[in-house]
Each structure stands twice: as C-alpha cells, then as structure tokens.
Amino acid sequence: MTVDELILYFLDRVPGAGRTQIVKFLYLADLESRRCLGRPLTDLNYIWGDHGPFDPRICERLVELQKSGRICEEQYTSSYGGPAYRYRPSNEQQQLPPTEVARVILEKVVADIQGVPLRDLLEDVVYQTKPMLDAKERDARGQPLRMDLVDNELVIPGLNVERAWEGLHQLEAGQSRPLREVLATKSQ
C-alpha cells in the first residue's frame, strides 16, 4: 500500500486526526504488519524523532494530499501553545486496503488507538514498542529504528496468513478442491 492510501484509510476511520496521530498510525500499521507478515505495509524508514518514530516523507505526503484536494488541513493552537494540525478526507469515498489481511491489520491498529489520548498513545503504546525501547537503550535519537526486531513475531510456523485468507474466501465462494489435490500441491 502507498503511504497516501494508508493516510486516507486512517482519516476515513478517524476524521480530524492530528499529524502526530497519523504518523503513529503509520508506524503502528507497519509494526503490526511486520509482526504478522514479516514485512511492512509501506516503504517508510522510521527514525527516533522529537516525538517518537518519524519519517519526514509523511509530512510531504500530507502536503501533497492537501494540494491535490484529497484531504483538508485545519491549523489550531495546541495545548502547548504552538501550532498543530488535524486532517479530514475531502470526499466521502471510502478507502479500502488492497487485501483482506491488510484490512484486518489496519482495523486492529485503528481499534487500538482510536480514542486514546495522544499522550497515552505515545507513552503507553508507541514508546513501549520493541523498536523504540531498543532505540532508547542504544541512545539512538535521530537514527533509524530497528523495525526488524518484530518481524514474524506472530507468525505460526507453517501458516501463510495470506494464503489462509485466500482459501477462506474461496470456500465462502463455493470454490474448493479435494484434500488429496491440496496435499499434492503442497508437497511439490
């Protein structure tokens, strides 16, 4: 998925999300995907920035999405007295991830963070992830996070989640193969 697609997907579910929330959503989506699939959903390269995991390309994408009219940006004064930004999609077209597995991962992340105050999201969720704990331990501020620390954490040996989802959809559609044929295909 592209970063733009993920941002739009998130804003469909959490209109009015702030910039920091969007950045953390992308980080957590990539983290969860790595845990489940062994690879991220995006090509972002996170560093330990001033407010945790960050990739400057995210802000670039927000600017481009606003310029193209796909999102609307609202600036307001944060509780700290500085400028802050929140976003909403500019159209009503729902964004869908390309795969069912991606949708499940994204919906889990949305459910985990929706309604969580930003301070709690940062301190209790994001800063407690393995890549952030590792970065703190290494005193690696401004350096790349070692996202691969969580690769395949939730993978059950021998189970390909994407193939399992595909098989479920085939069963629901009435498409099936005899077990003998499936086992013969697996052994090849």
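The values are calculated or read from the model by the stated rules, or taken from the named source; none is laboratory data. Bear in mind that the values here come from a model prediction, so they are computed numbers and not experimental data. We place every Cβ from the backbone using ideal geometry, glycine too, and count neighbours over all the protein chains shown.
Side notes on the structure shown:
- One residue stands out in the stretch 164-188 among those that are among the polar types (S, T, N, Q), surrounded by fewer than 10 Cβ atoms within 10 Å (Cβ to Cβ) and not in a helix (DSSP H, G or I): the one that is modelled with the highest pLDDT, namely GLN175.
- Residue list for the stretch 110-137, filter: basic (Lys, Arg) and either under 19 Å from LEU6 (Cα atoms) or touching a Phe, Trp or Tyr at 6+ places or on another chain (Cβ under 9 Å) (or both): LYS136
- Contact map, the stretch 91-109: first residue farther than 14 Å from GLU5 by Cβ and modelled with pLDDT under 85, second residue surrounded by 15 or more Cβ atoms within 10 Å (Cβ to Cβ) and hydrophobic (A, V, I, L, M, F, W, C), Cβ cut-off under 6 Å, separation 6 or more or different chains; pairs are GLU100/TRP165; VAL101/VAL161; VAL101/TRP165.
- Just one of the listed residues (ASP124, ASP112) is part of a helix (DSSP H, G or I) and exposed (fewer than 12 other Cβ atoms within 10 Å of the Cβ), namely ASP124.
- Unmet criterion (only one of (1) under 28 Å from VAL155 (Cα atoms); (2) touching a Leu at 6+ places or on another chain (Cβ under 8 Å); (3) among the aromatic types (Phe, Trp, Tyr)) for TYR87: (1)
- Filtering the stretch 18-34 to residues that are of a type in the set (A, V, I, L, M) and more than 16 Å from HIS51 (Cα to Cα) leaves ALA29, LEU31.
- Any chance ASP43 is surrounded by fewer than 16 Cβ atoms within 10 Å (Cβ to Cβ), within 18 Å of GLU5 (Cβ to Cβ) and within 15 Å of the chain's Cα centre (by Cα): yes
Condition check ((1) more than 22 Å from ARG119 (Cα to Cα); (2) crowded, with 22+ Cβ neighbours inside 10 Å) across all residues:
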| site | (1), (2) |
| --- | --- |
| ARG13 | no, no |
| VAL23 | no, yes |
| SER33 | yes, yes |
| GLY52 | no, yes |
| CYS72 | yes, no |
